[in-house]
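Below is one structure, written out as structure tokens; comments come after it.
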Amino acid sequence: MKHWLLLFALLVPLLAACGGAPTAPTTAPAASTGDTDAPATDDMDGVDRSQLADQLFLYIWSDYIDPQILEDFEAEYGVRVTVDLFDSNESMIPRIRAGNSGYDIVVPSDYAVQSMVLDGLLAPLDKSLLTNIGNLDPELMNLYFDPSNEHSIPYFWGTSGLAYNQKFFDTPPTSWSTIFEPAELEKISNRFTMLEDPREVPGAALIYKGHSVNTTDTAVLAEVQELLIAQKPFVASYDSSNVNFKLATEEVVLAHAWSGMAGQAMSGIDDKPGNPDVKFLIPDEGGIIWMDNLAVVFDSPNKYTAHVFMNYLLRPEVAAQNTDWVLYLTPNAPARELLSEDTLALYEAGLEPDETTMMRLQWIERNAQTDELFSDLWTRVTAQ
């Protein structure tokens, strides 16, 4: 399957957002001090404790890192990691672009990395500090949005499709028509959610209509806009933060969702129980593939500490622990061998695409034209 991913990434440079999204960010944290960029290696693990900041500020999607890992990192290095959440790349990027955000590490999706590098919003990585980078699957490195991984490293990857509760469907909803055709919509009116995302939602509609998720054809986009406006009265909410819980509690019976979010609904997360009746699939017409990445904010005052934390996350045992909690797909090859049987069972149940499914997935791609077109489309849809 990995070889298909590499082939697909090289031949189809399209891109996706992702990853299990969140609540709106809180007030930006104040930047900490006491950090330098120059590493020293006078400690047995190569980390110079004297250069570590007291605090590190992480800007990430919701339900996207095991809280125990943050506690363990603080216990080992004495650095408290403060987490703030965003729910889309489009809401995160302006916060970073404004400068003085106070954040050190951010977790952008593939096309967002591409955009942020062009805008000078990400610091170049010092790979001499990322001694565990060799644990990352080479076939998931050097992808089109950051060809030499100069500004980012893979964190998790996954797909976007449909999560549904099998109790409420006689047969699995194998087509996007379930959420776009009026006759189908009436059956699930106000009992399904769409992601709150200006590329994912139009992307699903474009795939349903047989188009590229990156089309700039204004006639096609006008058709998609009409489809989404017609769909909107039936949608319970646009939600990229709490779909996992809504599916688990049966508040909704179907959701346009990221794969790991569906996994969290199936097995539970933190102290919230899961629902074994929740299933996930990529519709017949196809879906979106995406990768979320770890990157250092361009004006972070704590770049050395940020690298130490990223390197910590690359330890196989830490990456496996994180994956068992988050339930997205890990790019850490040795960690894959350490995953729990429960996680592997969820992968096999549909969270991990097989070779055939991989051929039906598209990456979301960005450029100035697509940014403007999809932003305007989404504004018109949500304004209705």
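Every number in this text was worked out from the coordinates using simple rules, so none of it is lab data. Predicted model, so just to flag it, every value in this text is computed and none were measured. Here the Cβ positions follow ideal geometry from the backbone for every residue, glycine too, while neighbour counts run over all protein chains shown.
So for the stretch 176-234, taking the charge dipole from beta-carbon charges (+1 Lys/Arg, -1 Asp/Glu), which of Gln225, Ile207, Leu195 sits furthest toward the positive end?
Leu195
What's the angle, to the nearest 10 degrees (0 to 90), between helix 316-326's Cα axis and the longest principal axis of the chain?
30
Would you mind calculating the gained length between Asn190 and Lys209 on full extension (0.36 nm times residue separation, minus the Cα-Cα distance), in nm to one decimal?
Extra length from Asn190 to Lys209 when fully extended: 4.5 nm.
Anyone know which of Ser148, Ser212, Ser177 comes out most mobile in the 10 Å Cα GNM of the chain?
Answer for the Gaussian network model of the chain: Ser148.
Label points 7 Å out from Cα along the Cβ direction at Glu251 and Asn142: separation in nm?
For Glu251 paired with Asn142, the spin-label model returns 4.5 nm.
Relative to the present Cα-Cα distance, how much length would full extension add between Glu71 and Glu355 at 0.36 nm per residue of separation?
98.5 nm
What net charge is computed for the residues neighbouring Ile282, neighbours being all others with C-beta under 13 Å from the C-beta of Ile282, Lys and Arg scored +1, Asp and Glu -1?
-3
Can you give me the angle between helix 303-313 and the longest principal axis of the chain, using Cα atoms only, in degrees from 0 to 90, rounded to the nearest 10?
60
When Lys and Arg each count +1 and Asp and Glu each count -1, what net charge do the other residues less than 11 Å away from Leu227, Cβ to Cβ, add up to?
Within the 11 Å Cβ shell, the charges total -1.
Among the lysines, which have Cα under 28 Å from the Cα of Lys303 when same-chain residues fewer than 8 positions away are ignored?
Here the lysines satisfying the reach criterion relative to Lys303 are Lys127.
Could you compute the FRET efficiency for Ala368 and Ser177, with r as their C-beta to C-beta distance and R0 at 30 Å, rounded to 0.05?
It comes out at approximately 0.35.
When only DSSP loop residues count, what GluC sites (Glu not before Pro) in the stretch 327-384 have their Cβ near at most 13 other Cβ atoms within 10 Å?
Here the GluC sites (Glu not before Pro) that fit, given the DSSP loop and packing criteria, are Glu337.
List the lysines whose Cα lies under 16 Å from the Cα of Lys279, skipping any in the same chain that are fewer than 8 positions away.
Lys167, Lys246
Expressed as an acute angle from 0 to 90° and rounded to the nearest 10, what is the orientation of the C-alpha long axis of helix 368-382 relative to the principal long axis of the chain?
With both axes taken from Cα atoms, the answer is about 60 degrees.
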